[in-house]
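Step one of this worksheet: look at the structure below.
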Amino acid sequence: MIKLLGAVLVLFAGTMIGFQQAAKFAERPRQLRQLAHALQRLETEIGYGHTPLPEALERTASATPEPLATIFRKAASGVWETESFTFRDSWEQAIQSQWDSTSMRKNEQSVLIRLGSTLGISDKEDQMKHIHLALLQLKAEEDAARDDQGRYEKMWKSLGILIAVLVVILMV
């Protein structure tokens, strides 16, 4: 009886681990799409709304789902609250403090950090060009993330179940 209960628990745990790993591959393209929409909104706020950058970041954060909204909100509050921070410092600190809560990778982080180094120091046309370039880079990353999702999502689901079955067989 105890062996059967242990076997069921091991099967359940292995399956859940596999499904959690698969969910990470499914979450990354979705977050990249959300980030692209957020940057498009920021581009609109800067280019057509003539909104100051901290206010544009706050408006973008209000229209963006978590955990990405926190990045924009922290970057805006870093500029509003501390006079010693430049926008670049505030942006980089916001990204680095919240990056672990996202499913994105270092490539996307470097794209955003590069974008932050150009925002706020040039005219609106130049800022819009840099946002557009970041959007193109994120689109390429999203395509790669979709390929990874298609390739590895099913594999992790199957692998979790198969490893759990192997452990159960070894237990019995």
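The values are calculated or read from the model by the stated rules, or taken from the named source; none is laboratory data. Since the model is a prediction, treat every value here as computed from it, not as a measurement. For neighbour counting, all protein chains shown are included, and Cβ atoms are generated from backbone atoms with ideal geometry for every residue, glycine included.
One table, with the values for the structure above:
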| quantity | calculated |
| --- | --- |
| Qualifying positions in segment 130-172 - in contact with a helix residue (DSSP H, G or I) (Cβ under 7 Å, 6 or more places away or on another chain), over 15 Å from M104 (Cβ atoms) and among the acidic types (D, E) | E153 |
| Count - residues of segment 75-92 that are surrounded by fewer than 19 Cβ atoms within 10 Å (Cβ to Cβ) and under 15 Å from the mean Cα position of the chain (by Cα) | 0 |
| Test for A38: is it over 21 Å from A144 (Cβ atoms), in a helix (DSSP H, G or I), at pLDDT 90 or above and among the small types (G, A, S) | no |
| Residue match in segment 22-33 (condition: of a type in the set (D, E, K, R), at pLDDT below 90 and under 19 Å from the mean Cα position of the chain (by Cα)) | yes |
| Residues of segment 145-172 classified as exposed (fewer than 15 other Cβ atoms within 10 Å of the Cβ) and small (G, A, S), total | 2 |
| Considering residues of segment 49-66 that are surrounded by 14 or more Cβ atoms within 10 Å (Cβ to Cβ) and of a type in the set (S, T, Y) only, the residue farthest from E125 (Cα to Cα) | T64 |
| Residue that is surrounded by the most Cβ atoms within 10 Å (Cβ to Cβ), among those in segment 93-111 that are among the aliphatic types (A, V, I, L, M) and without any contact (Cβ under 8 Å) to a residue 60 or more places away in the chain | A94 |
| The listed residue being over 18 Å from Q31 (Cα atoms) and not acidic (D, E), out of L135, L159 | L159 |
| Residue in segment 18-37 that is free of Cβ contacts under 8 Å to residues at least 40 places away in the same chain, surrounded by fewer than 18 Cβ atoms within 10 Å (Cβ to Cβ) and under 18 Å from K129 (Cβ atoms) present | no |
